[in-house]
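Enquirer: Can you read through this structure? Questions will come right after.
Derivation of every value follows stated rules applied to the coordinates shown; laboratory data play no part. This is a predicted model, so every value here is computed, not measured. Positions of Cβ are generated from backbone atoms using ideal geometry, with glycine treated the same way; all protein chains shown enter the neighbour counts.
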Amino acid sequence: MTEPVENPSFNSAGSARKVLLERQRQLEQELAHARQATRMVKRQVANAAHEPDSEGETEGWLMTYLDMMTLLLVLLVVMLAFAGKGKGSGEQAQPLNPLSEGVLPAGSGLLEQAGQSLRDKGGDSTRDPLQGLPLDRLGKDIEVVVKEGTVSFRISSEILFSSAQADLSLDGLRVLQQLVPVLNSSRHDVVVVGHTDSLPIRSSRFPSNWELSGARAGSVVRYLEANGVVRQRMRAVGLADTKPLADNSTLEGRANNRRVELILEAPQAAEKSDD
């Protein structure tokens, strides 16, 4: 039986909540002491009307301190609301469902768990794109995306190509070399899809992002064919900026959108695409 996968974001949220709760209790105690001191000063002022200036200054200082403590307490309550619920709330961390869409790091054990879950549900082993893949050979530059019936290998274009170019870089060749034995271990079709950001490109070689994305996908296909991947299994597709992963209005978002994905299609997915 597979053990639940620990969620790091859940643990960090729980720790943050504990710290905030402890600070809230401290502030509540200080606030109670400040209110008590304010009441005492007010009584002293009522009993010592012949020294209004001195006592008035003391009361004003304590009232300012009391207001500050109140504001800090309100701020902590707001921070607690954003921190989310911890373990004490009765909610349990949910393990990643390997059958749902998600990005899984190679070598984490989640990929093997996904394949095993498919087989445990009675799926045909020939339709399991994870079966028999040597995923331990993949490096940190390749993201593995598991969907229903398909497995994708996502690589940033920053690694594979120079800016506005479609010729594979040395780093790109190294990363693709790690994928060759994985692709050759599967009988599924391989769809190589090129993606760009939304910034327009106009050059003599690439009039638009359509040509650039298609040329990048073609470069990857040619390299894989030269290294033993059967050409009849592959096809190259250029989607330009039509399938973004993130917001193209930010530098980080555009960097995430510039990518190449190699999709292992299960037989049913391949048949539908041919219809």
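Enquirer: Can you give me the pair-distance distribution of segment 144-275, C-alpha pairs, 10 Å bins, whole percents?
Expert: With a bin width of 10 Å, the distribution comes to 13, 45, 34, 9, 0.
Enquirer: Putting +1 on Lys and Arg Cβ atoms and -1 on Asp and Glu Cβ atoms, find which of Thr242, Val221, Pro200 reaches farthest to the positive end of the dipole of segment 190-257.
Expert: Val221
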